[in-house]
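What follows is a short report on a single structure.
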Amino acid sequence: MPLDRALQSWRRLWGSVAFRLTLNYSLLAAATTAFLLIFAYGKIVELLQIQYARQVTLAANRLNAHHQMYGLDALQDEIVQLLSDQTDIDTEMYLLLSPDGVPLVGNLQLLPPPSGSMDMADDDPGHASTLGLLNEADSTALLNVLREGKQITGLLTQRRLTDGSLLFVGRDIADMREIQALIGNAVVAATLVALFLVLVGTTIFRRELRNRVQAIRDTALRVGTGELTRRIPDAEEVDEFVQLRYDINHMLDRIESLMAGVQNVSDSIAHNLRTPLARVLGRLESARKNGDDPDALRAAIDAASAEIVELINVSEKLLLIAEAEAGLQRQVFSVISLRTLIADVFELYEPVAAENDITLTYDVQELFVEADPDLLAGAMTNLIDNAFKYAGKGSLIQMRVVQDGLMARITIEDNGPGVPTDQLDKLGARFHRLDPSVPGFGLGLASVRAVVRLHGGEIAFSDAQPGLRVEISLPRANITER
């Protein structure tokens, strides 16, 4: 039925948050406008009444002064002159009564009190106002009167003259009533137009907002079905949705990167762990076949145990990388001194460096960062281990910490053979190894990169000519936070 369809359409509209918010604020704006218009209308009407009353009062005061100066006859002549000068003949009203109530001159007739009871007089506002006005010496009121035989409403004031006569001066308020009606109609029309514009504007705003959000909804739907490369297209308009589009696209980039990383890790794990597991299985199988030889059995078990320990270390590094990238370690952050941290690493590796004919030095400014000391120390030891492994005997390894604006830059540099330029960008990728013959699984630099990202820093690899330079930039902490 039409009514049911209309109700369903209204429910869909009302279910829109944009529609409700726009409608509420628009109605508030329309109500405020209507209130201001009504207030202005009341003030305009009041101003018109004051203006009319002032004109009538001034005219009555002038005629009263004329009477005091020239007498009653001169006042009659003045009233006749005013009525015959063709000025304001449609609105001016005058009446002069003798002391005994006999009309002397004027174009105004007061409505006589009705015959009958006082209740009838009370039912006629015109007569009641006339009687009330006549009881006042000098007063101004709206009265229903007769002018040239036609009943009108006028604003009248009366003056009791010195000789006892009574003077009425008034003005027809038909023009004022017309102005009031015009203003009132304008207020009503403006209110109706405002309500109409509220509905139209709300509908347009809802449609526009829906169109602006539609691209985001479509992208979310496609991403939900597996299209991770889908992005929200750029719009020509520059508005609040531009930043939202950027944030969502950045989030999707991050999700795609993480998913690619997960897939890469899965492939790498399957590829890199298959060989050691196969070796473990082969040695155990060989030990089973040669169970009569205790020495062979012991050697197979030792080799399998070493492989399993290595696999456990790989699992721990992968878990550390996952936790660092997920930000799970930030809850234990504290403000630490880089000078103390580097000094501890130097003290740990100095004997090893001496045994391998390696010169290890450090030059550190007193800077503070907010970090997990164990994770950051682990990252430093990973870098030193790599330098020891690849730089070789007789090399020089330097550790430096300097201030770089709001960042603390940690540099670990060696003078070894270095890394080919085309391989620098691949450093830090999981399971990536420059030399497959060197023991390891290629997770050391990957864990370092993850720890640096966890601390809100950046890591960069460059050619030290000769050797490799690793630079880590971390946000400095205020020393007062210690």
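The packing ranking of peptides 414-424, 377-387, highest mean first, is 377-387, 414-424, where packing means the average number of other beta carbon atoms within 10 angstrom of each residue.
Here the simple spin-label model places points 7 Å from the Cα toward Cβ, and for Asp85 and Ile50 these points are separated by 2.7 nm. For Ser395, the residues whose modelled amide H falls within less than 5 Å of its own, excluding neighbours fewer than 5 places apart on the same chain, are Thr359.
Here each label is just a point 7 Å from Cα along the line to Cβ, and for Leu244 and Ser462 those points are 4.2 nm apart. Restricting region 350-417 to trypsin sites (Lys or Arg not before Pro) that sit in a DSSP loop and have at most 16 other Cβ atoms within 10 Å of their own Cβ leaves Lys393.
Return the loop-located trypsin sites (Lys or Arg not before Pro) in region 164-246 (DSSP other than H, G, I, E, B) with at most 13 other Cβ atoms within 10 Å of their own Cβ; answer none if there are none. Passing both the DSSP loop test and the Cβ count: no residue. One decimal place: the segment Lys43-Ala31 gains 2.5 nm when fully extended, by the rule 0.36 nm per residue minus the C-alpha distance. Stretching Gln365 away from Ile255 to a fully extended chain increases their span by 35.8 nm, per 0.36 nm per residue minus the current alpha-carbon distance. Within region 352-396, the GluC sites (Glu not before Pro) that combine a DSSP coil assignment with at most 12 other C-beta atoms in a 10 angstrom radius are Glu366. Taking 0.36 nm per residue of sequence separation and removing the Cα-Cα distance, the Arg177/Asp385 pair yields an extension gain of 65.0 nm.
Only the coordinates and a few stated rules stand behind these numbers; no lab work does. Keep in mind that what you see is a predicted model, and the values were worked out from it rather than measured. We place every Cβ from the backbone using ideal geometry, glycine too, and count neighbours over all the protein chains shown.
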